[in-house]
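Report on one structure; see the data block that follows.
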Amino acid sequence: MTDARALRKLVRRPMVLAAATVVAGFVLVALAAPQLAPFDPVAPNLLSMRKPPSAVHRLGTDEVGRDVLSRLIWGARASLLAGVIPVTLAVALSVPLGLLSGYAGGWLDSVIMRVTDAMLSIPFLIVAIALAAFLGPSLRNAMLAIGIAALPTFLRLARGTVLAIKTEDYVEAARALGCSRPRVAGRHILPNMLAPLLVQSSITVAAAIIAEASLSFLGLGQQPPAPSWGSMLNAAQRYLSQAPWMALYPGLAIFCIVMAVNVLGDGLRDALDPRQQ
Amino acid sequence: MNVTRILTALLASLLLAATPAHAESVLRIGLNDDPDALDPTISRAYVGRLVFAALCDKLFDVTPDLKIVPQLATGYEWAADNRAVTLRLRPNVKFHDGEPFNAEAVRFNIERHLTTPGSFRKSEIGEIKSVDVVNDLTVRLNLSQPLVPLLAALTDRAGMMISPKAAKELGDRFGTRPVCAGPFKFVERVAQGKIVLQRFAEYWDKGNVHLDRVEFVPITDSTARLASLRSGDLQMIERVSPTDLAQIRGDSKLKVVGVPELGFQVIRLNVANGPRSKALADVRVRQAIDAAIDREALVKSVFNDEYIAGNQFVSPSSAYYNKKLPVKPRDVARARQLLKDAGQANPSFTLILPPERDRQEAAQVIQAMLAEAGITMQLQSQENVTMLEAGKRGDFEAYFTFWSGRPDPDGNIFTHYTCKGAQNDSHYCNAEFDALVTKARQVADPAQRKQLYDKATELLLRDVPAIHLWHRRVFTGLSARVQGFTPHPDGIIRVKGLKF
Amino acid sequence: MRRLAVLVPTLAIVSVLIFSLQKLLPGDAATALAGEEGDPAVVAAIRAKYFLDRPVAVQYGLWLGRVLRGDFGDSLRSRIPVADLIVSKLPVTVELAACSMLIALAIGVPAGVLSATRQGRPLDVAANFVALSGLSVPHFWLGIMLILLFAVQLGWLPASGYVAPWDDWRRNLTTILLPSVVLGTGVAGVMMRHARSAMLQTLRADYVRTARAKSVPESRVVLKHALRNALIPVVTLGAIEFGRLLSGAVLTEQIFAIPGFGKLLVDGVFNRDYAVVQAVVLVSAIFYLLLNLLADILYFVVDPRLRGS
């Protein structure tokens, strides 16, 4: 089947394989955070505040004496959750809405698409900031805000796929043979939506991780004392000259995971899209 | 070749022409924030007061040790019942538009403060019932009740005098082109860019003005502000962050001076405001929280010892500090005993705090300190305004805020802890306390007032409606070339008297 | 023309969205403005003055009516007309966006062309990797790192702040350099990828093959024949990216304390300065839509195939 071929195509690329390993590594770290972290990520230690990296604290300590490495490890949870949950939310909402819009057509379609256009004309991060400010600062609300901000892109994609496939011969044939609309949608349209949604999802996961970091950086995401890479950067900005290590590592972590997800996304797109090289 | 040379010469002469014959002395001051409207009546932000200090003279000023001294008024006299105060005004004072300053102008200004919709001054001087023009240079302010702290209000924005003519012309856009009677007059304002002021030639005290221009430049990022000071682009910066002090001290071209602020950083506890007051209704639990916090360690570790540990409504350096009740060392055993007596060995409550670094860091340290006494404190971040609204509604157990402070002690205590006080979100209510601080408003003798406030402090420390934690030091960073600077506890830079 | 017709209802919905955004922001502006004392009389006066006490629909009507006349109201905080604020911030953000775009094009296009001509070879792989890095790096962190290196450690450039070019053009350049590099790297990645795929397509086109068959030197083929056509999609996509830069510099402006659009917006959100937030979002949405339209028109104008149909 095409799926197997796509997978084989994917695995054959060393970059993609490396990226998948990195992502798996981050997931593992996030899952095993309690076992891996050498110190308590939230308990302040007044005796070791803003200490540079040493044998005890490999990546130094932060503004209230916590181990940066331990916070980094626990922070992986927030970042990965913030990458996956908003996208899941957007996909879960966009598929039914896209089907509705693409199938129903008429004024309903127009309304949905005009609202989508309008939302798309306001930059993603601005929508997320405004929504997060509205919902109140917390990781959950930040994820909700990112999910809603990401919705229009998915909605448009889902609708486009519906419109494209709706007129394909085999779908029209199925309709002519008397298959009900939900059945056609379930049997023929949904599977075809999968590939483009998957590609868009991987790109959006990367964007969502950065968005969470940005919101946390502005104080609108993960709340202290719980660690998140973005809020660690927020705290670090005050001590840039005295404790640069506080700023270095969380950013590197964000960069690595986002890069890996992007490479994976590229690989997915190339493997699933026959037009691409 | 020749063309190049001619062009170079031309360019050089152009540059020369652009430079004035004698160098203007320009002082550039970095502000932490962009000021709001430059209208004394509707100005709210602290940072605006720095600009006003150069732009608008006030009826009175305060000295660094908080004594009230003449500025546009030359003296005052309280009526026997303390229900009226007569002000003598400085003669030959002109506003920047050439209009004369006189009793009529004072009346106009006071009435403007009292009647403008959205005036922030009304609550400060609302007790003024009427203003009588006695003669051209004498006014009498009639009060609805005896209120000695009123004069302190006249040392700030409520005492600033603006040109009545300009005020009438510009209406509610006065703040975009303010016309006052200060040492410098308004030139232009580039929003979030800079505010430019120029020496006022007809200033009543021009002998003490040594600068030609003053520019205020808002730079919200502290690293950037500091970098601009070090590069010489700015000559002064206000409210330097304690974490930046080391860099200024290490730079021989710069100086930094600091004084304790007038205000305080405080955790307000919900004592009786709605159903959420249940968690901390027992005074012993509140006392236990108080005892479990190590203020000295907090200030030392989080703020490099640059701030001052405090436990009262004024800082330990204030004349009104109750020296018999200093900051106590931490006592976890006592905290545990108090909790045991209250029958709540492991109480739990939620502290609301805004996403601001000082308080975020301190709260995490306090959280750990309380945990050692068996008290669980959850942290919940809320945007500042949301938090204050929750406070008003009683939708909190504890919240972390600060008070910027007032020169008169009354401004730090009366509205905060009296039963009907506007800042009393705790709904603390103690008739004995109310009687003490109300009496302190009516007596003019400082010694007698001190006694009253000492007793009131005793009650507050016993009942713990709020936990005062620390007082910041207001640091001003300046180029070593700047001379004649004296720091004030209000953090306001008085530009008059400064020179290079 | 159909696109132009669609623009109007889209903008109308944007205006509704933006208006509800204001209602969404928690914390009443009046309370935010009432200050430390929070005097209830002051709050009520502010509410009345800015019509905050009227029904939402009435507020929307009043607002839209004024906006259509170009009046965005006064900033609740500074009392400066919002239109003036926008006009004073716009040049800053446009300068930043232009410098970033310049950097992005200077790096992205040659890199894309180069890697297209060496498809699959190490240089191509490396260039792709770098482009993806540019896309993946969190801008605000990159900004912090550059400040750390060039301002804190080396002391070569100011950490942040902004000097207008007409005040001092040299210092203007030093203040705008780092933020432009930060924003430019991200866009450079996008431009490189666009340029690469556009080049790959044109290199496969018949006329390029013909030119090659006629043994025209390869460099000439690439630069003269292929690049010229490949630039069409690059330019149109560049226009869209530029529109994004105008409003997408939120965090970068925050970190470098650049008084532009993004900073105006974030400060507005935190100060509950509704009028400012609404105007900034509306203006940036208009920019975005117009630049998209421009991109379409450009595409139409420069691509003869589309003109024919």
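Just so you know, all these numbers are worked out from the coordinates, no wet-lab data involved. On a predicted model such as this, the values are computed, not experimentally measured, just so you know. Methodologically, a virtual Cβ is constructed for each residue, glycine included, from the backbone with ideal geometry; neighbour enumeration extends over all protein chains shown.
Points to keep in mind about this one:
- With only Cα atoms counted, the range C:43-166 has Rg and Dmax values of 23.4, 70 Å.
- Evaluated at q = 0.22, 0.27, 0.28 Å⁻¹, a Debye calculation over the C-alpha positions of the range C:128-184 (equal weights, vacuum) places log10 I(q)/I(0) at -0.84, -1.04, -1.08.
- Restriction of the trypsin sites (Lys or Arg not before Pro) in the range C:115-208 to DSSP coil positions whose beta-carbon has at most 14 other beta-carbons within 10 angstrom yields C:118, C:204.
- Kirkwood Rh in Å, taken over all unlike Cα pairs in the range C:161-273: 16.9 Å
- Global dimensions of chain A from alpha-carbon coordinates: Rg and Dmax equal 21.9, 77 Å.
- Separation in nanometres of the label points that stand 7 Å from Cα toward Cβ, at residue B:346 and residue C:206: 8.2 nm
- Candidates B:371, B:414, B:98 compared by Cα position along the dipole of chain B: farthest toward the positive end lies B:98, with charges placed on Cβ.
- Our note on the geometry: Cα centres of the range C:56-89 and the range A:203-240, 32 Å apart.
- Whole-number D in µm² s⁻¹ for chain B, Kirkwood Cα-pair radius fed into Stokes-Einstein, 4 °C, 1.567 mPa s: 52 µm²/s
- With the simple model of a label 7 Å out from the Cα in the direction of the Cβ, residue C:20 to residue C:218 spans 5.8 nm.
- Applying a 4.7 Å Cβ-Cβ cutoff to the protein assembly as shown leaves A:179, A:256, C:99 as cysteine residues with no disulfide-compatible partner.
- Working note: Cα atoms of the range B:20-126, range along each principal axis, descending, whole Å: 57, 33, 32.
- Cα centroid of the range A:113-165 to Cα centroid of the range C:202-219, whole Å: 44 Å
- Remark on the range B:271-404: hydrodynamic radius 15.8 angstrom, per the Kirkwood mean of 1/r across alpha carbon pairs.
- Computed from the C-beta positions of residue B:304 and residue B:257, the FRET efficiency with R₀ = 22 Å rounds to 0.85.
- By the Stokes-Einstein formula, at 1.002 mPa s and 20 °C, the range B:356-487 with its Kirkwood radius over alpha-carbon pairs has D equal to 122 µm²/s.
- If R0 is 60 Å, the Cβ-Cβ spacing of residue B:393 and residue A:176 corresponds to a FRET efficiency of close to 0.45.
- Cα Rg, Dmax (largest Cα-Cα span) when computed across the range B:289-367, Å: 14.3, 39
- Compactness index (Cα Rg / 2.2 N^0.38 Å), the range A:145-251: 1.69
- Each residue of the range B:263-317 gets 99 Å³ once the volume of the Cα convex hull is shared out per residue.
- Here's how it looks for residue B:381: its modeled amide H is under 5 Å from those of B:353, which are all 5 or more places away or on a different chain.
- Computed Rg/Rh of the range B:327-416, alpha carbon atoms with Kirkwood Rh: 1.02
- The magnitude of the dipole of the range B:236-322, with charges of +1 and -1 set on the Cβ of Lys/Arg and Asp/Glu and taken from the Cα centre, is near 280 debye.
- Taking the Cα centre of the range B:80-175 as reference, the dipole from Cβ charges on Lys and Arg (+1) and Asp and Glu (-1) amounts to some 40 debye.
- Building the convex hull from the alpha-carbon atoms of the range B:71-198 and averaging its projection over directions returns 8.1 nm².
- Separation of alpha-carbon centers, the range B:429-480 and the range B:359-421, rounded to whole Å: 17 Å
- Farthest toward positive dipole pole in the protein assembly as shown [+1 Lys/Arg, -1 Asp/Glu at C-beta], among B:342, C:271, A:36: A:36
- Note that chain C shows a convex hull volume over its alpha carbon atoms of 168 Å³ per residue.
- Fully extended contour minus Cα-Cα distance, from residue A:54 to residue A:256, at 0.36 nm per residue: 70.4 nm
- What you get for chain C, charging only the Cβ of Lys and Arg (+1) and of Asp and Glu (-1), is a dipole of about 1560 debye around the Cα centre.
- Kirkwood hydrodynamic radius of the range A:151-213, from inverse mean 1/r over distinct Cα pairs, in Å: 13.0 Å
- Per DSSP, loop trypsin sites (Lys or Arg not before Pro) in the range B:391-500 with at most 10 further Cβ within 10 Å: B:420
- Helix-only mean residue ellipticity at 222 nm for chain B, each DSSP H run of n ≥ 4 adding -39500 (n - 2.57), per residue, nearest 500: -9500 deg cm²/dmol
- FRET E, pair residue B:201, residue C:6, Förster distance 60 Å, beta-carbon r, rounded to 0.05: 0.50
- The spread of Cα positions in the range A:49-123, taken along each principal axis and listed from longest to shortest, comes to 66, 22, 14 Å.
- Scattering from the protein assembly as shown was approximated by placing one identical point on each alpha carbon and applying the Debye formula without solvent; log10 I(q)/I(0) at 0.07, 0.08, 0.09 1/Å stands at -0.72, -0.92, -1.14.
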